[in-house]
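Okay, so here's the structure we're looking at.
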Amino acid sequence: MRFERVFSGAPWESRVGYCRALRAGDRVFVTGTAAVDPSGGVHAPGDAYEQTLRCFEIVREALAGLGAGLPDVTRTRMFVTDIERWEEYGRAHGELFGDHPPATTMVEVRRLIHPDMLIEIEADAVVAG
């Protein structure tokens, strides 16, 4: 089986030893993705909805690099620092996946790598054909 990888250029990829996404056959796995802006800072501190949208923007770019898109996503996992804000995260998720809902999980975690990060998302996809 052939493996393809895409990298975002984040400094953590080489330091920790991971890629943004990996394709193995018809399966695509997107690593935990936080709301990082293009300059490397945290996108929209304090805004759960906007951070969720930013995470999925990064996920979408990673999927595209491997020949997939959001309609191919079969599962998402959302790790959030405040489960009381589930509707904000969920609203963004629903806007992106309303026509092709994947299986999903949302769990509260104590914290993420930066204190201003409210959410980190993983996604799995299957590419037809």
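The values are calculated or read from the model by the stated rules, or taken from the named source; none is laboratory data. Quick caveat, the model's predicted, so the values are computed rather than measured. Neighbour counts run over all protein chains shown; Cβ positions are idealised from the backbone, glycine included.
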- Item | Of the criteria (1) modelled with pLDDT of 95 or more; (2) assigned to a helix (DSSP H, G or I); (3) surrounded by 14 or more Cβ atoms within 10 Å (Cβ to Cβ), which one Glu87 fails | (3)
- Task: Give me a count of the residues in region 100-128 that are in a loop (DSSP other than H, G, I, E, B), within 27 Å of Ala24 (Cα to Cα) and either touching a residue at least 12 places away in the same chain (Cβ under 8 Å) or in contact with a strand residue (DSSP E or B) (Cβ under 6 Å, 6 or more places away or on another chain) (or both).
- Result: 4
- Task: Consider only pairs whose beta carbons are under 8 Å apart and that are at least six residues apart or on different chains; among these, list those whose first residue lies in region 35-49 and is on the phi > 0 side of the Ramachandran plot and whose second residue is in a helix (DSSP H, G or I).
- Result: Gly40/Pro11; Ala44/Glu50; Ala44/Gln51; Ala44/Arg54
- Give the number of residues within region 98-127 that are buried (at least 17 other Cβ atoms within 10 Å of the Cβ), more than 17 Å from Phe79 (Cα to Cα) and of a type outside the set (Gly, Ala, Ser). 0
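Would you confirm whether or not region 51-64 contains a residue that is surrounded by 15 or more Cβ atoms within 10 Å (Cβ to Cβ), assigned to a loop (DSSP other than H, G, I, E, B) and of a type outside the set (Val, Ile, Thr)? Break it down into steps so the answer makes sense when it comes.
Step one: list which residues in region 51-64 are surrounded by 15 or more Cβ atoms within 10 Å (Cβ to Cβ), which gives 51-56, 58-63.
From what is left, the residues that are assigned to a loop (DSSP other than H, G, I, E, B) are none.
Within region 51-64, none of the residues are surrounded by 15 or more Cβ atoms within 10 Å (Cβ to Cβ), assigned to a loop (DSSP other than H, G, I, E, B) and of a type outside the set (Val, Ile, Thr).
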- Pairs with Cβ under 9 Å, 6+ apart, first in region 14-32 and more than 18 Å from Thr105 (Cβ to Cβ), second modelled with pLDDT under 95 and among the charged types (D, E, K, R): Cys19/Glu13; Arg20/Glu13; Arg23/Arg2; Ala24/Arg2; Gly25/Arg2
- Conditions (1) within 14 Å of the chain's Cα centre (by Cα); (2) over 14 Å from Val126 (Cα atoms); (3) not in a helix (DSSP H, G or I) -> Arg75 fails only (2)
